[in-house]
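Below is one structure; the comments refer to it alone.
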Amino acid sequence: MNKEELSKIAKQMVAEGKGILAADESMNTVGKRFAAINLENTEDNRRAFREMLLTAPGEGEYVSGVILFDETIRQKTSSGKSFVEVLNSEGILPGIKVDQGLVEVGESGEKITKGLDGLAERLKEYSALGAKFCKWRSVITIGEGTPTEENIRQNAKDLASYALECQKANLVPMVEPEVLLEGSHSIEQAKDASGRILTALFEELNKAGVLLEGLILKTSMVLPGKNYTAKASPEEIAKETIEVFARVLPNNLAGVVFLSGGQGEIEATENLNAINSSGKQPWSLTFSYARALQDGATKAWSGEQENMEIAQKTFMHRAKMNSLASLGKYSKEMEEGFASSTGGEVTQD
Ligand code: 13P
C-alpha cells in the first residue's frame, strides 16, 4: 500500500470546486434511461452515450473523476481514443465500479452486495487499464423494522474488506452505503439510520486497518423518503446531514461525496449548496452524481449525433452549477435559460 499516493489521489478527487461524475450504471439501468428517450440498449448506443458525457469540452474544470462501468473502461470514442485516455488528457481521474450488484438476504428483504470473490484479480486488471479509484455500493432501505443491525453490520464489513483490498492494490476506495430515498420515512428516521450505518462503517474500516486519508465516503444526504408527507427545505437537509457527520465522521477522512438518489437536478444542487453554506467542515463535501448530472443532457442528446453539442452544453451547465454548490456559491437565478429535470425513479445501480 502506497499511503502517500493513495492520499494524493483521494485529495485530487475532492479538489476545491470539483466533483465526480458517476457514469457506471449497469447495462440494465442504462436500458431504463434509454427507454425514456426511446433508444435501443445496444453496446454502440451505450458507447455513444458515454462519449457524449466524457468528451464535453472543458469538463476537467468541474469534474475531478468519473466512475466507469466494466464495459465503459474498455471502450473508445468514435475517433478511436480510449475513454481512459480522454479523461487523462482532461486531468480527470478514471474510476471503476467493482461491486457486482445486490442480493437479497433473510426475511426482511434487505440486501447485501456481491463482488468480494476474485476482487483482488479484478483490481489488478482495472489498475492496468488505468483506473485510479474504485466504487462499491451497498444499499440500505428504511422501512418496517429496517435497517436491521445485522444488515448494517454485514454491509459495513463488506465495505471494509473491499476498501482494504483496493488500498492494497493502490486504488482509492470510494465506499458507498446508500440510504434509499424510496419509502415514507421522516427526515428524523433517515438521520437515525445514517448515524447507525456510518458508525458501524467506520468501526469496521478502523478494525480492518483501512487508511482513512486514502478513502472517500460516498453517501446519501439526510432526506425524508420520497413518499413522506412533507418535503424538507435545503437548510433542514443541510442541518441534519452536517449534524450526523459531525458526530460520526473522523476528521482525517479524505472527503465526502454525495449521490443524488432520485432528487431532481436543481434540488440536488440546492441541497449541496446549502450543505456547503453551513460553515467550514473538516472534510470537502462535494457531488458524485449520476442522474442529477446526466438527466437533462441525456434528454437533450436523445441518441442523435447532431444533438451532441447542446447535450454537452447542458451537461457542462449542470457540472458548473454543482461545482459552485460545492463551494456554497450557487443561486437558482444562475439556471436561467437551462431546462432541468425534477427527478424521477428512485432505484439505480
Ligand atoms: P445517482 O446520483 O443517480 O443516485 O447515482 C449515483 C451513484 O453512483 C449511485 O451508486
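The values are calculated or read from the model by the stated rules, or taken from the named source; none is laboratory data. Predicted, not measured: the structure shown is a model, and the values here were computed from it. Glycine gets a Cβ as well: all are built from the backbone with ideal geometry, and neighbour counts include every protein chain shown.
Would you confirm whether any residue within segment 25-41 is among the basic types (Lys, Arg), surrounded by 18 or more Cβ atoms within 10 Å (Cβ to Cβ), within 16 Å of the ligand (Cβ to nearest atom) and under 16 Å from the mean Cα position of the chain (by Cα)? Within segment 25-41, not a single residue is among the basic types (Lys, Arg), surrounded by 18 or more Cβ atoms within 10 Å (Cβ to Cβ), within 16 Å of the ligand (Cβ to nearest atom) and under 16 Å from the mean Cα position of the chain (by Cα).
Of all residues in segment 42-63, those satisfying the criterion of being over 22 Å from residue 79 (Cα atoms) and within 16 Å of the ligand (Cβ to nearest atom) are 62, 63.
Here residue 109 passes the criteria (1) small (Gly, Ala, Ser); (2) under 18 Å from residue 69 (Cα atoms); (3) more than 16 Å from the ligand (Cβ to nearest atom) except the one numbered (2).
One line per residue, one yes/no per condition, for (1) in contact with a strand residue (DSSP E or B) (Cβ under 6 Å, 6 or more places away or on another chain); (2) modelled with pLDDT under 95; (3) among the hydrophobic types (A, V, I, L, M, F, W, C):
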site	(1), (2), (3)
119	no, no, yes
126	yes, no, no
136	no, no, yes
148	no, no, no
161	no, no, no
166	yes, no, yes
172	yes, no, yes
187	no, no, yes
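Here residue 288 passes the criteria (1) farther than 22 Å from residue 46 by Cα; (2) under 19 Å from the mean Cα position of the chain (by Cα); (3) polar (S, T, N, Q) except the one numbered (1). Close Cβ contacts (under 7 Å, 6 or more residues apart or on different chains) running from residues in segment 99-115 that are loosely packed, with under 13 Cβ neighbours inside 10 Å to residues that are in a loop (DSSP other than H, G, I, E, B) comprise 103/114; 114/99; 114/100; 114/101.
For segment 135-170, a residue qualifies if it is over 18 Å from residue 202 (Cα atoms) and either buried (at least 24 other Cβ atoms within 10 Å of the Cβ) or without any contact (Cβ under 8 Å) to a residue 40 or more places away in the chain (or both), and the qualifying residues are 144, 145, 146. Among the residues of segment 61-74, is any β-branched (Val, Ile, Thr), within 20 Å of residue 315 (Cα to Cα) and over 18 Å from the mean Cα position of the chain (by Cα)? Within segment 61-74, not a single residue is β-branched (Val, Ile, Thr), within 20 Å of residue 315 (Cα to Cα) and over 18 Å from the mean Cα position of the chain (by Cα).
Within segment 333-347, can one find any residue that is surrounded by fewer than 16 Cβ atoms within 10 Å (Cβ to Cβ), assigned to a helix (DSSP H, G or I) and either free of Cβ contacts under 8 Å to residues at least 12 places away in the same chain or out of contact with any helix residue (DSSP H, G or I) (no Cβ under 7 Å at 6 or more places or on another chain) (or both)? Scanning segment 333-347, I find at least one residue that is surrounded by fewer than 16 Cβ atoms within 10 Å (Cβ to Cβ), assigned to a helix (DSSP H, G or I) and either free of Cβ contacts under 8 Å to residues at least 12 places away in the same chain or out of contact with any helix residue (DSSP H, G or I) (no Cβ under 7 Å at 6 or more places or on another chain) (or both), so the answer is yes. Could you grab me the full set of residues in segment 264-292 that are farther than 17 Å from residue 18 by Cβ, in contact (Cβ under 8 Å) with a residue 60 or more places away in the chain and not small (Gly, Ala, Ser)? Within segment 264-292, 265, 266, 267, 270 meet the criteria. Taking the conditions exactly as written (over 19 Å from residue 66 (Cβ atoms), hydrophobic (A, V, I, L, M, F, W, C), buried (at least 24 other Cβ atoms within 10 Å of the Cβ) and over 12 Å from the mean Cα position of the chain (by Cα)), does residue 266 satisfy them or not? In short, no. Can you tell me which residue within segment 273-305, out of those that are within 16 Å of the ligand (Cβ to nearest atom) and charged (D, E, K, R), is nearest to residue 133 (Cα to Cα)? The selected residue is 291. For segment 120-127, the criterion of being within 16 Å of the ligand (Cβ to nearest atom), within 19 Å of the chain's Cα centre (by Cα) and buried (at least 17 other Cβ atoms within 10 Å of the Cβ) is satisfied by no residue at all.
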